[in-house]
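Heads up: the structure comes next, in structure tokens.
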Amino acid sequence: MRVIGLMSGTSYDAIDAAAAELDLVGDSLVLKPLGMVSEPYDGELREALAAALPPGTTTLGEVCRLDTRIGQAFAATAVRADRELCEGRAELVASHGQTVHHWVADAEVHGTLQLGQPAWIAEATGLPVVADFRPRDIAAGGQGAPLVSLVDLLWLRGRPGRPVALNIGGIANLTAPDGTAFDTGPGCALIDAAARGFSGGALACDRDGALAARGLVHGPLLNRLLEEPYYALSAPKTTGKELFHLGHLRDALAGFGTLPAEDVVATLTMLTARTVADAVRSVGATEVIASGGGTRNPALMSMLADLLRGVALRTSDSFGLPSDAKEAYAFAVLGFLTLHGLPGTEPASTGARHPSVLGSVTPGRDGLRLPPRAARQPTRLLLE
């Protein structure tokens, strides 16, 4: 089955679409990557989305507009992916949507909201769409994240040692071989917030780690940032930009006077490296396979490598999965599992009471024709 996975992460810079040929062969799920396309959000939509995210406020009218406009943007990207990657022969779209809120209170997740109305995708492509993946796991008592952990577990199964999958997006998360999985804290969220804040919005991120490379880590600021209670919580745990946003940084900066922008960004980059490295060591990793936009930041990856001396640090590109597209491929897998009636969660990763078949299905142009339920749950993911 040819499946298109759609993803926009917590950095909300672009919509990524990855296409895959997926087949169940015995106890294995075989994935043949067909490629990736990426479409940046247009400036007006990105500004509207940024304004609605914490610590900003919004209205139900604006939520409705965003749900529609994001759905239309996802639909256009899916049409392009079907044409350019699948020769117009895709059979399913799996859309993660755009996370705008993750409701966490007292270390429990009570709800989550992803925008990007899937009806627009189904209408534009004519294909069935699986969307709204996270709520079912939360309803079963889970954190709803990291939701790609099952895919990581299937993919890494059989590798020697204790390999850990790491994703560095706006928020960073990892998955260990025993199923332990959690958000480590900010990936690029605070770095991006600082770059935008110091540049008056001219910079969306610290491209190529240029600001961090020119700065010096400010020890007292780093220590204050590390006092955030989230880091001491036990897994499973999850977080988001509801916590790690510009206001969080401004609170930490209080009393330090005016610090050079480069030093603040260098300190935030070290914060991400430090919290990721602490998390990696806490699960006894012998190897880290990293993906996500943060892997394109040389300053961050250099700091992380220094902190992880003795632990091999590689990117998923080395294993056949492009680091920029890995999460989009993962949601293609989760959509495929849903359509075949198979669970897409590992309770050890999210803390749920049981595995769940994820998402809601929007029928395509020809109605909804589900394939027969698969006879068995795959135990490993093979790349072709």
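For this structure, a couple of remarks:
- From Ala213, Ala202, Ala195, residue being closer than 23 Å to Leu300 by Cα and touching a Pro at 6+ places or on another chain (Cβ under 9 Å): Ala213
- Residues in the stretch 53-85 that are of a type in the set (A, V, I, L, M) and open to solvent by less than 20 Å² (accessible area, probe 1.4 Å) were compared, and the one that is modelled with the lowest pLDDT is Leu53.
- Total residues in the stretch 277-336 satisfying the condition of being at pLDDT 95 or above, assigned to a loop (DSSP other than H, G, I, E, B) and farther than 30 Å from Gln377 by Cα: the figure is 3.
- Residue within the stretch 359-381 that is at pLDDT below 95, over 25 Å from Gly161 (Cα atoms) and surrounded by 23 or more Cβ atoms within 10 Å (Cβ to Cβ) present: no
- Sole exception among (1) open to solvent by less than 20 Å² (accessible area, probe 1.4 Å); (2) assigned to a helix (DSSP H, G or I); (3) of a type outside the set (Gly, Ala, Ser); (4) modelled with pLDDT of 95 or more for Ile4, by number: (2)
- If you go through the stretch 32-46 and keep only what is without any contact (Cβ under 8 Å) to a residue 60 or more places away in the chain, in a strand (DSSP E or B) and farther than 15 Å from Val333 by Cα, you end up with Val37, Glu39, Pro40.
- The criterion of at least 1 residues that are among the acidic types (Asp, Glu) and under 28 Å from Pro378 (Cβ atoms) is met, among helices (runs of 4 or more DSSP H) falling completely within the stretch 145-239, by 149-156.
- Check on Leu190, over 24 Å from Thr77 (Cβ atoms), touching a residue at least 60 places away in the same chain (Cβ under 8 Å) and surrounded by fewer than 24 Cβ atoms within 10 Å (Cβ to Cβ): no
- Any hit, the stretch 299-308, residues being surrounded by fewer than 17 Cβ atoms within 10 Å (Cβ to Cβ) and touching a Leu at 6+ places or on another chain (Cβ under 7 Å): yes
- Test: residue in the stretch 243-250 that is part of a loop (DSSP other than H, G, I, E, B), in contact with a Phe, Trp or Tyr (Cβ under 8 Å, 6 or more places away or on another chain) and open to solvent by 30 Å² or more (accessible area, probe 1.4 Å): yes
- Whichever residue in the stretch 193-230 is in contact with a Ser or Thr (Cβ under 6 Å, 6 or more places away or on another chain) and more than 18 Å from Thr295 (Cα to Cα) and, among such residues, is surrounded by the most Cβ atoms within 10 Å (Cβ to Cβ): Leu221
The values are calculated or read from the model by the stated rules, or taken from the named source; none is laboratory data. What you see is a predicted model, and the numbers here were worked out from it, not measured in a lab. Quick reminder, even Gly has a Cβ in these numbers, built from the backbone with ideal geometry, and neighbours come from all protein chains shown. Accessible surface areas use protein heavy atoms only, side chains included; no ligands, DNA or RNA. Shrake-Rupley method; radii C 1.70, N 1.55, O 1.52, S 1.80 Å.
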